[in-house]
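One structure is given below, encoded as C-alpha cells.
We did not get these values from a lab; they are worked out from the coordinates using the rules stated. Keep in mind it's a predicted model, so treat the numbers as computed, not measured. Neighbour counts run over all protein chains shown; Cβ positions are idealised from the backbone, glycine included.
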Ligand code: NAD
Ligand code: UDX
C-alpha cells in the first residue's frame, strides 16, 4: 500500500516536529497536522518562523521548506481524517488527575476522543498509528472503538512510539537510533507495517527500522523511558554520597561510563530530571504493574521517582541551610527555568519545585531563562496552587537579562544547563551581588574553581571537594 496522504492529530512537541520531518523527507506525501487548539495551529502557520509554538534547533528551517508545499497545519480535523490513508494520533496522554488511577495512570480521554472521531468520519479504509505514548494493550481498546462504527470501513492499528528528546528533536528524527513499529501478525497487519516502513525508509536505513508485535512496541516505549530515568536517578543518588565522602560525581560518571557495558550517556548528575515524559511514563508503568498485582515490580520502578523528588528537595534544602538557615526576604536568582537546555518546554521542570520550596521559605526569586516566557513561569507556579497567583507575582520576578536578574541577589542557582551561562562575565555578576555571594550549580556546568577565585562561595551538585 502506497501512502499518499497522512493526517496527524495533535500539533504538539511530538506531532509538529515529527510530521515536519516526514513532510520534508517525503515530498510525495501530503501531510496535514490538525489540532483542536486554534491558537497553536495559528502559531504553526505564523509567517515569522521564529514564532513557531515549539522551539527546536533546526525546526524553523524544515517547516519553512515544507509548509505550503506538502505540509499543512489546520483545525479542520474531519476533513484531514477523511482525506488520509494513514492517521497518526499524537495527542497528549497526561497523568490522570481524577478518579481511578489518579496521580498514576495515563489519562486516555484524548486518545479515545480521537478514535471516536476517526470512527465517525472515516468513509475509506485507514491505518491508524499510535504515536502518543500509551499503556500496553491500548491498541485493543482503540480497535474496539474503531470496529464498532457499523459502516464497513477497515482499520489497521499500528504502534509507532516516538523516541525523540526535546532540544535535539530534529537531529533525533533525521538520524534515529531506531524506528519501532508494532502491528498485527495477520496478513493485513503486516501490510500496514510495511506501508509505514516504506514511509520511514525514505530517510532511515532499513536495518534501523524494527518491527514487532503491537504489545512489545507499546511496552518498549515505557521501558525505554524508565531505563533512561533510572540512570539519572542512580547517578543522582550517588551524587549525594559523593558530596558526603569527598568523591566527585563527574569523575565517578566518567570512570564508570568508560565501561562499555555501562556506557557514558545519561550519567549526568543534576538537580533532578524533568520533562513531560519520564515521571508520567514511570508512574504509568508502576500503575500497570500494580493492576497485574506485581507489587514488587511497581515498588522497584517507583523508587526512581522518589529519588528524583528527593534530589529536587535536597537542592532547595541545601540553599536554605547554606544561607544561614533562612532565605526569608533574600533574593535568589534562578538561571534557567526550562527542564533542559535548547527547549522552551517547562513541563515537570525541576526549577518549578525548587522555586516553590524556596517561595514557601519566603525567598524572593528572580528568574532568567533564554527561551521561557514570563506567563509560562507564572502559569507553572499557579498550577501548583501552593499560594495565590498575586503572591507568586509578588515574590517572583522574571527578567530578560541575566545581569539584571542577578543584581543585589544573595545567591545564584543554576537550574538548566544552557550553554550561555558558562560564558557570562561572572566578575560583573559578583560585583553587583550581596556578599558572601553564593552559587548553587544544579547542573554541574560552571567552572567553580574560577568562580571561587573571583570570590564566590560555590556548591556544585555531586562535588565533595
Ligand atoms: P502536547 O501537549 O505538546 O501536544 C498534544 C496536542 O494534542 C495538543 O496541542 C492538544 O491540543 C492536541 N489534542 C488533544 N486532544 C485532541 C483531539 N481530540 N483532537 C485534536 N487535537 C487534540 O504533547 P506532546 O509533548 O506532543 O506529546 C504527545 C504524546 O507523545 C504524548 O503521549 C507523549 O507522552 C508522547 N511523547 C512525547 C515526547 C516529548 O518529548 N514531548 C517524546 C516522545 C513521546
Ligand atoms: C525523554 C527521552 O530521552 C526520549 O527518548 C523520549 O522520547 C521523551 O523523554 P526528554 O524528556 O525530551 O526525552 O529529554 P531527556 O534528554 O531525556 O532529559 C530528560 C531529563 O533528564 C531532563 O530534565 C534532563 O536534564 C535530565 N537528565 C538527562 C539528567 O539530569 N542527566 C542526564 O544524564 C540526562
Cα-based helix-to-principal-axis angle, 295-322 vs the chain, degrees rounded to 10
30 degrees
Relative contact order in percent for the range 5-204 (Cα pairs under 8 Å, 6+ apart) equals 21 percent
Neighbour counts of other C-beta atoms within 10 Å: give me 197, 367 arranged from fewest to most.
197, 367
Bin width 10 Å, alpha-carbon pairs only: give the P(r) of the range 378-465 as whole percents, running from 0 to the bin holding the largest distance.
15, 43, 29, 12, 0
Across 10 Å bins from 0, what is the distribution of all Cα-Cα pair distances for the range 214-465, in whole percents?
7, 30, 35, 20, 7, 1
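Please report Rg over Rh for the range 258-334, where both radii come from the alpha carbon positions and Rh follows the Kirkwood definition.
1.13
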So for the range 187-270, what percent of the C-alpha to C-alpha distances run longer than 15 Å?
69 percent
For the range 5-204, state what percent of all Cα-Cα pairs lands in each successive 5 Å bin, counting from 0 Å until the bin that includes the largest distance.
1, 8, 16, 20, 21, 17, 11, 5, 1, 0
Once every DSSP H run of n ≥ 4 in the chain is given -39500 (n - 2.57) and the sum is divided by its residues, what mean residue ellipticity at 222 nm do you get, rounded to the nearest 500 deg cm²/dmol?
-13500 deg cm²/dmol
For the chain, what is Rg from Cα atoms divided by 2.2 N^0.38 Å, rounded to two decimals?
1.04
If one computes the Cα centroid of the range 247-265 and of the range 269-345, what distance in Å separates the two points?
22 Å
Among 223-234, 8-19, 97-108, what's the highest-first ranking by average C-beta atoms within 10 angstrom per residue?
8-19, 223-234, 97-108
Rank by packing, highest mean first: peptides 387-400, 237-250, with packing defined as the count of other Cβ atoms within 10 Å averaged across residues.
237-250, 387-400
Given 374-383, 265-274, the highest-first ranking by average Cβ count within 10 Å works out to 265-274, 374-383
Order these by the 10 Å Cβ neighbour count, fewest first: 39, 216.
39, 216
For the range 309-451, go through all pairs of different Cα atoms, get the mean of 1/r, take its inverse, and jot down that Kirkwood value in Å.
14.9 Å
Relative contact order of the range 1-71, pairs being alpha-carbon contacts under 8 Å that are 6 or more residues apart, as %
35 percent
If contacts are Cα pairs under 8 angstrom and at least 6 residues apart, what is the relative contact order of the chain in percent?
12 percent
Taking Cα atoms, how many degrees apart are the long axis of helix 350-360 and the longest axis of the chain, rounded to 10 and kept between 0 and 90?
50 degrees
Kirkwood Rh over alpha-carbon pairs of the range 10-86 plugged into Stokes-Einstein at 37 °C, 0.692 mPa s gives a D in µm²/s of 267 µm²/s
For an R0 of 45 angstrom, estimate the FRET efficiency from the Cβ-Cβ distance between residue 174 and residue 124 and round to the nearest 0.05.
0.90
